[in-house]
1. How much length, in nm to one decimal, is gained on full extension between F284 and T175, taken as 0.36 nm per residue of separation minus their Cα-Cα distance?
2. Excluding K311 itself, what net charge comes from residues whose Cβ is under 12 Å from its Cβ, given Lys and Arg +1 and Asp and Glu -1?
3. Within straight cross-link reach of K211, meaning Cα distance under 29 Å, which lysines are found once same-chain residues fewer than 8 apart are removed?
4. Rank S16, S162, S36 by mean-square fluctuation in a GNM of the chain with C-alpha springs under 10 angstrom and give only the top-ranked residue.
5. Rounded to the nearest 20 debye, what is the charge dipole size of region 220-335 about its Cα centre when +1 sits on each Lys and Arg Cβ and -1 on each Asp and Glu Cβ?
6. Quick one: if you take sqrt(5λ) for each eigenvalue of the C-alpha gyration tensor of the chain, what semi-axes come out, biggest first, whole angstrom?
7. Between region 21-76 and region 234-304, how many Å separate their Cα centres?
8. Please list, by residue number, every one of the chymotrypsin sites (Phe, Trp or Tyr not before Pro) in region 274-326 that is coil in DSSP and has at most 14 other beta-carbon atoms within 10 Å.
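The values are calculated or read from the model by the stated rules, or taken from the named source; none is laboratory data. Values in this document were obtained by computation on a predicted structure and should not be read as measured data. Because the Cβ atoms are built from the backbone with ideal geometry, glycine has one as well, and the counts that use them run over all protein chains shown. Ligands, DNA and RNA are stripped out before the accessible areas are found, and what is left, the full protein with its side chains, is counted by its heavy atoms. Shrake-Rupley method; radii C 1.70, N 1.55, O 1.52, S 1.80 Å.
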Amino acid sequence: MIGKGNVFMTVDSWFSNYVSENINIDSKKSTGARNSRNWLTSNIKDLSQRNEKNLELYSGSEFALKMGSFARKTQIRPLDDVDQMIIFSAKGSTANLDTSQWNQVFINVPNSAPELKKMDGENGLSSIKVLNYLKQLLNGVSQYQSADIKRSQQALRLELSSYDWGFDIVPGFRTVADGQGYYYYIIPNGEGAWEKTDPRIDRQNLTEYQKEASIDLREVVRILKYWRKAHNAVCKLNSYALETMVLDFIDTNPIYSNSREFVESFLLYLSKAVFDSVQDRKGFQGNLNFLDFTARLEIQKKAIYYHDVIKEANKYETESMSEQAIKSWTKFFGN
């Protein structure tokens, strides 16, 4: 145990305390972000229904779909963005959904949908024009009139001075369900066309893996994201790719006694897997590992170095050398 004043702390209690105070988002802040997101979507729905010339939202409550790391509960401090998809009715539109290029989808709007049709571009429905429409719609919310709303490739960024976080709002459409009842979503690709996605799969994957895990899997993902952010070389690895690699690791290493043991084993795995492809589990994007050889080599060196640091920390813990173990973990966390 390590003493702090008159209080003695085990590695386990120190670790839990560090993660709680530095990595996990405060529960009150999470609740506030969810409430503000719900308020945002309810206002979008209300505004959309005020004028028949506005684009029609998808039916029922399905017009609003949570997405991103906040929805998956893998976001780390500080809570700076909340992602939200707003789904519009496609009004009978068609698209080249059988294309092998996941991010080159073109939507053809029928003449029977004039309000949507007028947003056509050179190659069918323009995602840029739909984003601009959504920006104009948000300007109709009185509380957002002084807000900073900017279009950034695939999304609108809504910044409010009353919140620590902002919203990344993405317009989208839902595909028609196939014979098995499966459907997915089409969102802007940042260049005027559209791309395929399905945030539900990412959330469901984590939920299913958590059922078999003996540890808090989402918290482990957050710990590794925090480590990634703390070290410049590792930051080159996309956060979403890292999250995918955690699930890939579990497929071949399903047994671990605690989060600290998991981190040690995963870092060794990462040192090798960083040279491999990382396949998108949604089945759309293909390989998520876009790093060049130099970047992969830098990450490998960091992963090996910190694997050895954590291996030492875990050894210290088994030998009841808490102070030395905590020093090693402090190094891992970048402090």
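1. Gain on stretching F284 to T175: 37.8 nm.
2. Details: positive: R260, K315; negative: E261, E264, D308, E312, E317.
Counting the neighbours of K311, the net charge comes to -3.
3. K28, K29, K66, K73, K196, K225, K229, K272, K282, K311, K315
4. S162
5. Working: 16 positive and 14 negative charges, 74 e Å.
In total the dipole reaches around 360 debye.
6. Details: eigenvalues 353, 107, 54 Å².
Taking √(5λ) for each eigenvalue gives 42, 23, 16 Å, largest first.
7. 30 Å
8. F275, F284, F290
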